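Notes follow once the structure below has been shown.
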Amino acid sequence: MNNARAARHREFYYQHLMAMLPQGVRWFWPDAPFYTGYEHPILFDWDQYFEGIILVYAGYPCDYIKNGVKLFLRLQEKDGFIPRFAIATVGERRRARDMVKPFLTQSVLLAYHQEKSLAWLKEEDLYERLAKYLDCWYHRFDVRGGGLSVWMDAGHTGMDNQHERAGGRGRPENVCEGVDLNAYLVREARAMSILAQLLGKEQDRRRFEEWAEQRARTIREACWDEAEGLFYDYHAVEKRPIRVKHVGAFATLWAGVATPRQAQRLVKEHLLNEKEFQRPWPIPALAASELGYVEGFLPTDSTGCCSWRAHTWMPTNYYTFQGLRRYGFSAEALQLAEKSFDLFLFAPFSEYYATESGIGTGRKPFRGWTALALFMENEHDLGVDPTELLSENGAGQVVRRHYVEEYR
């Protein structure tokens, strides 16, 4: 697609997105309103972070991001545990049994980069609650004591039906030291370190930075397979790699965990390998070489969930795109951005896509993270990354100015 035509499509769907966003505002009374990509009033963990980027680019105030963080922190239990989603129902609030994914502090930084204020964290000891939740992740969920945390089951990963790696549906639970999870935890601890620095808490700053560095080293030691040039999950009980190739391995690029040599092998031997992840519409949730690489569900899968098999999802495309840029794979990042946008155009605002055919599936229209595909090429061209963990990050203002001023 030529640049002029792509720009027209992007403008059209940006305007479409702007019309859809108000429909995603939900309210858990008596809490403040928040944003969700779902048609019912549910707030998920990593969805909130990636949808927050979309809200920033759309010119929305950061209230919905902050309100979502507050809602999760208000659900916190004594040991720091926070459920990974909340659903509003008549007369009650249902809670998940799984722990919220480690994206809350990253969401706080995303809001800070736009507003330059952390005054709201003084309410209800929110900073202390963030520290407690991260401590829970780093210690309660390190069941082996080896310095890596576990997913509770496949549903907990967000990649709902990857039971062969993360358990559930008759497979052992609380044993998968997910390489994706622990990469997220590296980012979350670094975000917490930056937050502590901004608040003048030097001791906390050093502590959380040490947590991040130690976790990154442990991922490289326990999860890297030198023979295959790939990061695998690690089995906490059997003390061995869980040899399932999945898209979460590329979270190590996004988190800066991989060494330059490891990054080179990850990209050249796996991401660009047509027998694994370089499929017609990349990046599939599972490598094409996996037995579970099917469009749809296996008989042993959970029912009533989304499928993360021969399917392409925008949030994992997005963080892999940012990881490629981090390690200097500019051409490969641009190619992924272009393919993601083309896939979006194939079935706009679908929840996810069939990797082989490009057919949109899941919720339609989906007001959530799929819209990230609209912004990836612009981020590449403008040289910005809203997920970069810095005390100052002007990516939101740069891209918002580009879209809001040109398309409104």
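The values are calculated or read from the model by the stated rules, or taken from the named source; none is laboratory data. This structure is a prediction, so every number in the text was calculated from the model and none was measured. Using ideal geometry, Cβ is built from the backbone for each residue, glycine included, and neighbour counts are taken over all protein chains shown.
Only one of Ala258, Ala310 is in contact with a Gly (Cβ under 9 Å, 6 or more places away or on another chain), aliphatic (A, V, I, L, M) and under 20 Å from Ile359 (Cα atoms); which?
Ala310 is the lone residue from the list that is in contact with a Gly (Cβ under 9 Å, 6 or more places away or on another chain), aliphatic (A, V, I, L, M) and under 20 Å from Ile359 (Cα atoms).
Name, by its number, the condition in (1) of a type in the set (A, V, I, L, M); (2) touching a residue at least 60 places away in the same chain (Cβ under 8 Å); (3) in contact with an Asp or Glu (Cβ under 9 Å, 6 or more places away or on another chain); (4) more than 23 Å from Ile65 (Cβ to Cβ) that does not hold for Leu345.
Condition (3) is where Leu345 drops out.
Of all residues in region 302-316, how many are closer than 25 Å to Phe50 by Cβ and modelled with pLDDT under 90?
3
Among the residues of region 236-245, which ones are surrounded by fewer than 22 Cβ atoms within 10 Å (Cβ to Cβ) and either part of a helix (DSSP H, G or I) or of a type in the set (Lys, Arg) (or both)?
Lys239, Arg240, Arg243 - these are the residues of region 236-245 that are surrounded by fewer than 22 Cβ atoms within 10 Å (Cβ to Cβ) and either part of a helix (DSSP H, G or I) or of a type in the set (Lys, Arg) (or both).
How many residues are closer than 13 Å to Ile283 by Cα and in contact (Cβ under 8 Å) with a residue 60 or more places away in the chain if we restrict to region 325-337?
Of the residues in that region, 1 qualify.
Within the set of pairs 6+ apart or on separate chains, which have a first residue in region 132-145 that is farther than 14 Å from Thr105 by Cα, a second that is among the polar types (S, T, N, Q), and C-beta atoms under 7 Å apart?
Partner pairs satisfying both residue conditions: Tyr138/Ser149; Phe141/Ser149; Asp142/Ser149; Val143/Asn174.
Do we have any residue at all in region 291-298 that's more than 20 Å from Gly168 (Cα to Cα) and of a type outside the set (D, E, K, R)?
No, that holds for no residue.
Quick check on my filter: what residues within region 135-149 are under 13 Å from Arg215 (Cα atoms) and of a type in the set (A, V, I, L, M)?
Listed by number, the list holds a single entry, Leu148.
Scan region 327-342 residue by residue and report those that are touching a helix residue (DSSP H, G or I) at 6+ places or on another chain (Cβ under 7 Å) and either crowded, with 18+ Cβ neighbours inside 10 Å or at positive phi (or both).
Tyr327, Phe329, Glu332, Ala333, Leu336, Ala337, Ser340, Phe341
Tally up the residues in region 6-61 that are small (Gly, Ala, Ser) and within 20 Å of the chain's Cα centre (by Cα), please.
Result for region 6-61: 4.
What residue, of Thr303, Thr320, is without any contact (Cβ under 8 Å) to a residue 12 or more places away in the chain and farther than 20 Å from Glu11 by Cβ?
Going through Thr303, Thr320 in turn, the sole match is Thr303.
Check off (1) modelled with pLDDT under 95; (2) not in a helix (DSSP H, G or I) for Lys122 and give me the number that stays unchecked.
Of the numbered conditions (1) modelled with pLDDT under 95; (2) not in a helix (DSSP H, G or I), the odd one out for Lys122 is (2).
Name the residue that is nearest to the chain's Cα centre (by Cα), counting only residues in region 280-301 that are closer than 12 Å to Glu164 by Cα and modelled with pLDDT under 95.
Asp301
Looking at (1) of a type in the set (D, E, K, R); (2) touching a strand residue (DSSP E or B) at 6+ places or on another chain (Cβ under 8 Å); (3) not in a loop (DSSP other than H, G, I, E, B), which is the one condition that is false for Glu209?
So Glu209 meets the others, but not (2).
What are the pairs with Cβ atoms under 9 angstrom where one residue, in region 34-56, is on the phi < 0 side of the Ramachandran plot and without any contact (Cβ under 8 Å) to a residue 40 or more places away in the chain and the other, located anywhere, is in a loop (DSSP other than H, G, I, E, B) and of a type in the set (A, V, I, L, M, F, W, C)? Sequence gap at least six, or different chains.
Phe34/Phe28; Leu55/Cys62
Determine whether region 253-269 contains at least one residue that is of a type in the set (Asp, Glu) and touching a Ser or Thr at 6+ places or on another chain (Cβ under 8 Å).
Checked region 253-269: no residue is of a type in the set (Asp, Glu) and touching a Ser or Thr at 6+ places or on another chain (Cβ under 8 Å).
Confirm whether Leu199 is in contact with a Leu (Cβ under 8 Å, 6 or more places away or on another chain) and under 24 Å from Leu130 (Cβ atoms).
Judged against the criteria, Leu199 is a match.
Being among the polar types (S, T, N, Q) and either part of a strand (DSSP E or B) or touching a helix residue (DSSP H, G or I) at 6+ places or on another chain (Cβ under 8 Å) (or both) is the filter here; which residues of region 12-57 pass it?
Gln15, Thr36, Gln48
Across region 246-272, which residue is surrounded by the fewest Cβ atoms within 10 Å (Cβ to Cβ) among those that are within 20 Å of Met159 (Cβ to Cβ) and not hydrophobic (A, V, I, L, M, F, W, C)?
Looking at residues that are within 20 Å of Met159 (Cβ to Cβ) and not hydrophobic (A, V, I, L, M, F, W, C), I get His270.
Among the listed residues Ser193, Ser289, which satisfies the condition of being out of contact with any Cys (no Cβ under 6 Å at 6 or more places or on another chain), assigned to a helix (DSSP H, G or I) and polar (S, T, N, Q)?
Checking each option against the conditions leaves just Ser193.
Might you let me know whether region 349-369 holds any residue that is aliphatic (A, V, I, L, M), outside any strand (DSSP E or B) and surrounded by 20 or more Cβ atoms within 10 Å (Cβ to Cβ)?
no
For region 154-171, does any single residue satisfy the condition of being free of Cβ contacts under 8 Å to residues at least 60 places away in the same chain, buried (at least 17 other Cβ atoms within 10 Å of the Cβ) and closer than 30 Å to Phe297 by Cα?
yes
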